[in-house]
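Notes follow once the structure below has been shown.
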Amino acid sequence: MVRRTLLTFALSSVAFPALADLVVLQYHHISDSTPSSTSTSVSLFEAQMEMIADLKLEVVPLQAGTERALAGAGKSEQNQLAITFDDAYDSVYSTAAPMLSSMDYPYTIFVNTEAVGRHGYMTWEQLAELEQRDGVTIANHSADHAHLARKPGETSEQWNSRIDHSLDAAQATLEEKLGTEAPLFAYPYGEFDAALEEKLADRDWYAYGQQSGPIGESSGATRLPRFPMANAYGQLNSLPDKLQSKAFPVASDELPDGVMTDNPPLLSFTLPPSMEASRLTCFASGQGRIDINVEDGEVRVQAPDAFNSRRLRYNCTYPAGGGKFYWLSHQWLDPQQPED
C-alpha cells in the first residue's frame, strides 16, 4: 500500500451519514474552436456555472476544500465545489477567468511550466496577473507534461531522476516566477501508479487525477478524484448527479494500484455492512454496465472483455438517498499501450 504522510481517516463499520463532500470539476480549454475531447464550449461552461449557482453550492478554494472533505468536517448534506483547469490554456485567461471573477468563484490552474508562453498557453505575465486575484491558485502540473508512471524498460534510477526533476523543477519555477508553492499537483493525463503516489506523499502534496467522483473522508490524498467537464462529460442533464454525489464509503487504501496486471483488471473491495451489493451498479469504459459478483463478503468487479486502451475506468454508484448517489471511479493504466 502507498504510504501517505498526509492525513487519512478510517471509516466506521456501521451506518454512516451522507456528509458534505467536495466535488472538484476539471477543465482544459474553455473554447468553441479547440479540440472537442479537451474543450468545454463557452455556452456550456456558462450554463454549468449558472447551475452551480442555482443549486446554491458553495465554491471554495481547492486546498481548503480538500482538507475539509478529507477530515470529514462537513456536517450538512450540501456539497462544496472546487473548480480546476489543467495546462493553463489561454482560453482560461480570456474566457473563463472573467466569468468566474464576475461570480466571485475561486479556482485553481495547474501549470506544466515548460509550456508557458507557447502558442495557445498563457504567459507568465498573465499567470502573475491571475495569481494576484483573490481566490486564484496556481499549482503544479509537472515541468513537461510527460507520462509519469514508470515506463516499460525504464530502470529505477532513470525513473527516479526523471520524476524528481519533473516535480521539483516545476515547483521551483512556480515559486521563482510567481512566488507560489501550493502543495497541490495534478497528474498529467490522470496517470499514476503506487511508486508515483509515494513521491507525492513524500512531498506532502495533494495529488489529483482524472477519475470521477467526489472527495470525502474515504479518499486518498494522492489519488484524489475530479469530474472531467469537457463537452462529452459535462452535459447539463447529468451534471446535478455529479455535483450532488457523495464519496463512496470504501477507504482508498483498500483499492488496488491502478496499473493493470491482468486484462481485463479485477476491482475488489468490501462494502460496509449497511450497504447491499445488489444495489450497486458498475460500468466499464466502452463496455457499459458490467456484472458484480460477491465472494466471501467481497465485491468483485471485472469487465467481460479485454481492453486495448492505455487508460480506462470502472465507475460504480450506490443510492445515497434523496436522489443522490455514492460515487466510486477507479482508473486503470496499461503502460504497455502507446503513450498519447
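The values are calculated or read from the model by the stated rules, or taken from the named source; none is laboratory data. Note that the structure is a prediction, hence the values are computed from the model and not measured. Counting neighbours? That spans all protein chains shown, and the Cβs are built from the backbone with ideal geometry, glycine included. What goes into the accessible areas is simple: the full protein's heavy atoms, side chains included, and nothing from ligands, DNA or RNA. Shrake-Rupley method; radii C 1.70, N 1.55, O 1.52, S 1.80 Å.
Here are the numbers:
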{"read-out": "In order through segment 288-303: 3J(HN,Hα) via Karplus (6.51 cos²θ - 1.76 cosθ + 1.60), integer Hz, x for Gly, Pro", "value": "x, 5, 10, 6, 10, 10, 10, 10, 6, x, 9, 7, 10, 10, 8, 5"}
{"read-out": "Most to least packed among 44-55, 309-320 [average Cβ atoms within 10 Å]", "value": "309-320, 44-55"}
{"read-out": "Cα principal axis extents for segment 177-243, largest first, Å", "value": "40, 32, 22"}
{"read-out": "Mean-position separation - Cα centroids, segment 161-207 and segment 290-306, in angstrom", "value": "34 Å"}
{"read-out": "Derived scalar couplings ³J(HN,Hα) [segment 91-105; Karplus, 6.51 cos²θ - 1.76 cosθ + 1.60; whole Hz; x for Gly, Pro]", "value": "5, 5, 5, 7, 10, 6, 4, x, 4, 5, 4, 5, 9, 6, 9"}
{"read-out": "All-pairs Cα distance distribution in segment 203-340, expressed in whole percent, bin size 5 Å", "value": "2, 9, 19, 23, 22, 16, 7, 2, 0"}
{"read-out": "Tensor-based shape of segment 14-131 (alpha-carbon gyration tensor, a/c under 1.5 rounded, otherwise prolate or oblate)", "value": "prolate"}
{"read-out": "Mean separation of Cα contacts under 8 Å, 6 or more apart, over the residue count of the chain: relative contact order %", "value": "19 percent"}
{"read-out": "Viscosity 1.002 mPa s, 20 °C: Kirkwood-radius Stokes-Einstein D of segment 129-203 over Cα pairs, µm²/s", "value": "162 µm²/s"}
{"read-out": "Contact order relative to length of segment 145-202, as percent, for alpha carbon pairs under 8 angstrom and 6 or more apart", "value": "55 percent"}
{"read-out": "Among 258-266, 60-68, 106-114, the order from most to least packed when residues are scored by Cβ within 10 Å on average", "value": "106-114, 60-68, 258-266"}
{"read-out": "DSSP H segments from the chain that extend 20 Å or more along their own axis, Cα-based, with Kyte-Doolittle mean of 0.5 or above", "value": "none"}
{"read-out": "Proximal charge balance of residue 178 [Cβ under 14 Å; K/R count +1, D/E count -1]", "value": "-4"}
{"read-out": "Solvent-accessible ranking of 324, 56, 151, largest area first, probe 1.4 Å", "value": "56, 151, 324"}
{"read-out": "Distant-in-sequence amide H partners of residue 313 (H built 1.01 Å from N, under 5 Å)", "value": "285, 332"}
{"read-out": "Cα gyration tensor category, rounded, prolate or oblate, for segment 62-160 with a/c compared to 1.5", "value": "oblate"}
{"read-out": "Average accessible surface area per residue within the chain, 1.4 Å rolling probe, Å²", "value": "42 Å²"}
{"read-out": "Lysines with Cα under 26 Å of residue 199, excluding same-chain neighbours fewer than 8 positions away", "value": "151, 177"}
{"read-out": "Built amide H within the under 5 Å cut-off of residue 110, gap 5+", "value": "85, 86, 87, 88, 139"}
{"read-out": "Spin-label pair residue 151/residue 276, simplified geometry with 7 Å Cα→Cβ offset, distance in nm", "value": "5.1 nm"}
{"read-out": "Accessible-area composition of segment 198-260, carbon plus sulfur, in percent [1.4 Å probe]", "value": "45 percent"}
{"read-out": "The chain, helix-only ellipticity at 222 nm - DSSP H runs n ≥ 4, -39,500 (n - 2.57), divided by all residues, nearest 500", "value": "-6500 deg cm²/dmol"}
{"read-out": "Point-to-point label distance, residue 263-residue 172, nm (Cα→Cβ direction, 7 Å offset)", "value": "3.8 nm"}
{"read-out": "Gain upon complete extension [residue 123, residue 254; 0.36 nm per residue less C-alpha separation]", "value": "43.0 nm"}
